[in-house]
There are 4 protein chains.
Amino acid sequence: MSFNTFGRLFRFTSFGESHGAAIGCVVDGCPPRIPLTAEEIQVHLDKRRPGQSRFTTQRQEPDAVKILSGVFADEATGRQVTTGTPIMLMIENIDQRSKDYSAIKDKYRPGHAGYTYDVKYGIHDYRGGGRASARETAVRVAAGSVARKVVPGLTVRGALVQMGPHQVDRSRWDWNEVERNPFFCPDPVQAKFFEDYLDGVRKSGSSIGAVIEVVAEGVPPGLGAPVYGKLDADLAAALMSINAVKGVEIGDGFASAELSGEDNADEMRMGNEGKPVFLSNHAGGILGGISTGQPIVARFAVKPTSSILTPRKTVDRYGNDTEIVTKGRHDPCVGIRAVPIGEAMVACVLADHYLMHRAQVGEGTAWPFEKR
Amino acid sequence: MSFNTFGRLFRFTSFGESHGAAIGCVVDGCPPRIPLTAEEIQVHLDKRRPGQSRFTTQRQEPDAVKILSGVFADEATGRQVTTGTPIMLMIENIDQRSKDYSAIKDKYRPGHAGYTYDVKYGIHDYRGGGRASARETAVRVAAGSVARKVVPGLTVRGALVQMGPHQVDRSRWDWNEVERNPFFCPDPVQAKFFEDYLDGVRKSGSSIGAVIEVVAEGVPPGLGAPVYGKLDADLAAALMSINAVKGVEIGDGFASAELSGEDNADEMRMGNEGKPVFLSNHAGGILGGISTGQPIVARFAVKPTSSILTPRKTVDRYGNDTEIVTKGRHDPCVGIRAVPIGEAMVACVLADHYLMHRAQVGEGTAWPFEKR
Amino acid sequence: MSFNTFGRLFRFTSFGESHGAAIGCVVDGCPPRIPLTAEEIQVHLDKRRPGQSRFTTQRQEPDAVKILSGVFADEATGRQVTTGTPIMLMIENIDQRSKDYSAIKDKYRPGHAGYTYDVKYGIHDYRGGGRASARETAVRVAAGSVARKVVPGLTVRGALVQMGPHQVDRSRWDWNEVERNPFFCPDPVQAKFFEDYLDGVRKSGSSIGAVIEVVAEGVPPGLGAPVYGKLDADLAAALMSINAVKGVEIGDGFASAELSGEDNADEMRMGNEGKPVFLSNHAGGILGGISTGQPIVARFAVKPTSSILTPRKTVDRYGNDTEIVTKGRHDPCVGIRAVPIGEAMVACVLADHYLMHRAQVGEGTAWPFEKR
Amino acid sequence: MSFNTFGRLFRFTSFGESHGAAIGCVVDGCPPRIPLTAEEIQVHLDKRRPGQSRFTTQRQEPDAVKILSGVFADEATGRQVTTGTPIMLMIENIDQRSKDYSAIKDKYRPGHAGYTYDVKYGIHDYRGGGRASARETAVRVAAGSVARKVVPGLTVRGALVQMGPHQVDRSRWDWNEVERNPFFCPDPVQAKFFEDYLDGVRKSGSSIGAVIEVVAEGVPPGLGAPVYGKLDADLAAALMSINAVKGVEIGDGFASAELSGEDNADEMRMGNEGKPVFLSNHAGGILGGISTGQPIVARFAVKPTSSILTPRKTVDRYGNDTEIVTKGRHDPCVGIRAVPIGEAMVACVLADHYLMHRAQVGEGTAWPFEKR
């Protein structure tokens, strides 16, 4: 997990800038003989794709993915399958209006990575953020759609649970609702409210933050590599690496600071299938860095984008005080499109740990204990 | 960053169980010719050491560290310095009362890693948690005390900012106060309150969670390796890998979800030293995964320990329903001792990124830009 | 250094098959602000390119490289420079005559990776070897041409020093001659002989092995990361990873087994520039895994290609005994085109270690000692 | 594979200097529930241990290994087994006669790593080579003895096949003979000759090189991670990382440069067990970086030690020309003790690849193909 490569055994190496010819990634370590088509990947990319409602940036990008290597037509079945060698996924950039950025070419946007990239590398790719652009997250979604197929029985779903100060009502949670509104919001009532709320934000040229929750079901117990490769540590890094994310929590997260030991304990009972079951899930499916078999629950906070119409004080590349206004096409709430990205990162972490667990311990887990 | 090795270039590999002969770590990649003595490391270990007040476990461990390799007496100065080769730090276990655990030998403690270790590895080291014990965190503190010396001018300090639902009052923040009370609390009024509060928790055989804040000052701008080795992503993994941590945030963290783009922007002005200065620090010192030069601010939530006197429902290793009570010597609030651990992990991440930055870009940063 | 990623800090991730749409790599960790154009890379690719003489395969591939990311036009100078972010290098495949392989579709070629890929992955990409094709080595040359620019003052040159049983006469060694004959042979007399010799091999439909020597000059002393990341260990892995390589040696190599301690010692004297000089170079520029500052000398043995016209006994994918003849377009001596590949791998290892050394020790080395 | 950590999934991190308190390593990633005792490890260490005949250094080191973590008494069987957590192996240094080195304290030994360590780190640990000492190789043997238990059915054996210019006669090869003479020589006639030969070298205060061959049997087909983590590339790095090694070859190695494609091809036929068998093993058990299932054959060349009685020209730390004679207790042929070290490194590479293969492809291989 370093630089532009994510993961250890299931890993992908990402490239590309907002206004270059293409973005993409090389997925390495994927098991062989897994059916995989560009169409399957496209389904997930389409969820992240900009320009689908008035609540996301109006940049028009088809985000059409091509598989340039690592697949082969299986003769027996006629299906296209992975070969175990690197899978190259490429997305060409289409709508690159570099002119949008000429006015702010030499200015740093407060709260944006342009400044730190320039301090570090001495390069200021003002065109849409260059490598720091949210455009890079498309390749995470592409890689994540491969990862989903690596862990048998895995389901990873995400939802927006807070926009600005407004949280969803969990008693109204409906996963089907998530696909019916432009916010990936599981609460139909709150989704309705968000339309008006975000219209207000958008029209004022402002932006707002959000909180996203990702739930992974079907995660086998035993995944995780203590003590510095804990499953939750890797999830935290994965989610925090997404643009604009400022906080990550697992299970009860920060609320667990307020709990007593009695309230926090997820009690256990033997279930009907001869396996232990938990009576609650404060832990969010992870104990000691290892999955329990319960759903894994992670949340992350997304700050508001720095691209706003209100002038902000800043400096330019030449050391002068100045002001900046960002007039490009931007998302009033970048948290919305972070939903499929968060899902993808969780899927990648789980695929990686699934392979690591299989390496060290072999297929399956050790339970039932008495039979060892 | 994987399994029992933390870090990439500045890294340490940890070993040892709660009730084995010793715990320790091998620090690798440390630059040569840095003065280093066991006494310096001991200072930090003593802060984490148990049994120093009635608010932490009464296990008596001197936690005396020995340096078994990687240092050499510099002839010119007579000082002991690092050699650039592996620094082995060892702490022998002294107070291992295994009998304390015999009553719960075959039972899983709800909320504890014993269950998941058994599911994963088929091994149940019931004696104090084995490898999953908080005892392992001593080696993090030892490694962190080496890391602090790698980054010139670096200061890393931590404080407990919340216990249960009770937060400190930031207007009373006093770093000197942190060393005057047994809670590492920066607010003298709240520290007084915590004495009574935690006594109540302790006497009832319960436990409580906490939130810790770590602030790193003197961090050079430019540290961080986008996009999957971002400084904040690594901090998130480092802090989440600490036992019992369930949430991590940088700067405004989850509160930034409620902010507008205007409020979240850290505006800039040219400072008197010819460098840009920021007018606020919502970002917590990191933009786009790269340090800005402002103080880095991270917080993490620690859940209450699962070792409590109130009986909880659970199962045993043989698939029977049962109840469990934990009578060993435990911390009513494990968050207290997490303060020096959090500091250590932050120091290790910064040392690692300091070396990575020097590798790619060389000494220093690129500013002032016009002079390049 | 694992799977399809080579290197630690300066590293590249390779993708693509012989008969897919494209091959390429993502170079990550490259320092910023290094001038880089596709033309510079093309110079090296053209040396490896097939079809340039009757002594290499007649497959016609322009091997035209494109830089898809990681460079930016420096405004001050107008030059294209690296940005410090991933450099994507892509080479499209043009001449893919898949029909050539239909006759051997289900048969394993003795001495070829087709069998082991099928055993491992259950996939048999019969079209020119798929991922195991020597075509993959083009991306190594591309990555190596970036690596050459990372280490200031570095020169890496290679030569063919043996074909079949015929060695060059080192007394006639002339680096300029290497570019004058189609064998990269530094001995003009032997080069003349190789023309007739290899014509004989070629016309008989056979193939022959070779030995390549690579010499790196301008390598700073101090590069290397003992004890498992030794410079020579990394060179050995790098060269052994090239297709068809079966042996690697540094300095005197296997001949040093026959030497006495007296003969093997590279004696030292203080040189005119106030630095130690060596009176010989049996060590090949490396002691204890660390560069001495002398030229680094590595050699590797390349086996003959398995693509020959003489029938060989083999089995097919369905478990039947059979015979195979390979009629495609192949190299009678694959060792020839291994020269630029070996150079590239040596350059990549040196760039990686240059960055690793800078990370741990900072710029430069510690000599002169008295001034420390 | 970097710095002082070897391996990816099965890996060990080594520490310690020749004249420090102890040497040792932390073995990480080992599968759980493998029976392991210190006695088993000691068997292999005793083979490498100095002072066992007049042909190795007279330093008296019991090399007694202790397991400080990572094992647990399995209750069901009463056996000590691995837990899946880090296994700490420690060997205390006993016989540290630092005075032996005082005469050469400030001088560099030609052909020894003392110079390059000083250039790199600015530290000159003159006492027996410090970290660069062959003493470090004891921990490789210890780690290797754990690795041997990871791959079911694996046997790794080594032999000295050449001393100085004198090779063994392979027609007399007898593995049992290897344990009967102090040279690990498989040829009883040549072993007899080596006694006189090496006595002559020893008495003259000189030293001599050697070639070692390691053969691994029972290696499952399919191990290896192309294209940069090839099994042979990793073996090359592993063997080249051993002190004093200057060359590595697989199968026919450098001799394959002289072969034609016809002679080099290992032809195949269906065997009686319904699996393909090879009619020869020029490849040394590896094709395309992946194991074929045949025995893996690797050889490496060991240079003569630089510790000799004949004066050699050198410089001192202060930049003066001088001469050096090494009077300590040294091995006339360090290649002898390299035999168990080579075995250990091969075992570690195979254990690592066994786990990596299991991660990506699962248990077993894909053959027979028709049944997939």
Review point. Sorted from fewest to most neighbouring beta carbons within 10 Å, what does the list A:D234, C:D187 look like?
Key: C:D187, A:D234
Review point. For the Cα atoms of chain D, what angle does the longest principal axis make with the long axis of helix D:38-48, in degrees from 0 to 90, nearest 10?
Key: 60 degrees
Review point. If the label for D:K203 sits 7 angstrom from Cα along the Cα-to-Cβ line, what are its distances to the same label in every other copy, in nm to one decimal, shortest first?
Key: 6.0, 8.8, 10.5
Revision key, fill the gap. Contact order relative to length for chain C, counting C-alpha pairs under 8 Å separated by 6 or more residues, stands in percent at 22 percent
Review point. About its Cα centre, what dipole magnitude does the range D:228-372 give when the only charges are +1 on Lys and Arg Cβ and -1 on Asp and Glu Cβ, stated in debye to the nearest 20?
Key: 600 debye
Review point. Can you give the charge dipole size of the protein assembly as shown about its Cα centre, rounded to the nearest 20 debye, using +1 on the beta carbon of Lys and Arg and -1 on the beta carbon of Asp and Glu?
Key: 0 debye
**Study point:** Shortest-first nm distances, D:K327 label point to equivalent points in other copies (7 Å, Cα→Cβ)
**Key:** 6.8, 7.7, 8.6
Revision key, fill the gap. Rounded to the nearest Å, the spacing of the alpha-carbon centers of the range B:282-344 and the range D:206-264 is 49 Å
Study note, to complete from the structure: From DSSP H assignment alone, runs of 4+ in the protein assembly as shown each adding -39500 (n - 2.57), the sum over residues rounded to the nearest 500 puts [θ] at 222 nm at -7000 deg cm²/dmol
Point to revise | For B:I94, label point 7 Å along C-beta direction: distances to other copies, nm | key: 2.9, 7.1, 7.6
Review point. For chains A and C related by rotation, which residue of A has the Cβ nearest the axis, and what is the rounded distance in Å?
Key: A:T13, 2
Practice item. Could you please rank D:T305, B:T310, placing first whichever residue has the fewest other Cβ atoms within 10 Å of its Cβ? Key: B:T310, D:T305
**Study point:** D:L279/A:E363 FRET efficiency (R0 30 Å; Cβ-Cβ; nearest 0.05)
**Key:** 0.30
**Study point:** Spatial separation of Cα centroids for the range A:122-169 and the range B:1-47, in angstrom
**Key:** 35 Å
Practice item. Count neighbours as other Cβ atoms within 10 Å of each site's Cβ, and list the GluC sites (Glu not before Pro) in the range A:1-99 that are DSSP loop with at most 12 such neighbours. Key: A:E75
**Study point:** Filtered chymotrypsin sites (Phe, Trp or Tyr not before Pro), the range C:11-80: DSSP coil and at most 13 other beta carbons within 10 Å
**Key:** none
Check your understanding: Under a point-charge model restricted to the Cβ atoms of Lys and Arg (+1) and Asp and Glu (-1), what is the dipole moment magnitude of chain B relative to its Cα centre, in debye to the nearest 20?
Key -> 1020 debye
Practice item. Calculate the spin-label point distance for A:K105 paired with A:S53, positioning each point 7 Å from the Cα along the beta-carbon direction, and give it in nanometres. Key: 3.7 nm
Study note, to complete from the structure: Measuring from the longest principal axis of the C-alpha atoms of chain B, the long axis of helix B:188-203 (C-alpha) lies at a number of degrees, nearest 10, equal to 20 degrees
Point to revise | Sites B:A73 and A:K192 - FRET efficiency at Förster radius 56 Å, r taken between beta-carbons, to 0.05 | key: 0.15
**Study point:** Residue order, fewest to most beta carbons within 10 Å, for D:V26, B:V315, C:V277
**Key:** C:V277, B:V315, D:V26
Review point. Relative to the longest principal axis of chain C, what angle (0 to 90°, nearest 10) does the C-alpha long axis of helix C:231-240 take?
Key: 10 degrees
Practice item. Answer with one residue from D:T56, D:Q80, D:S14: the one whose Cα lies farthest towards the positive end of the charge dipole of the range D:1-83, charges on Cβ with Lys, Arg +1 and Asp, Glu -1. Key: D:T56
Exercise for review: Could you calculate the FRET efficiency of D:D169 with D:V43 from 1/(1 + (r/R0)^6), where r is the beta carbon distance between them and R0 is 35 Å, rounded to 0.05?
Suggested key: 0.75
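Read-outs throughout are calculated quantities, based only on the coordinates presented, and are distinct from any laboratory measurement. Just so we're clear, the structure is a prediction, and the values are computed from it rather than from any experiment. Virtual Cβ from ideal backbone geometry, glycine too; neighbours counted across all protein chains shown.
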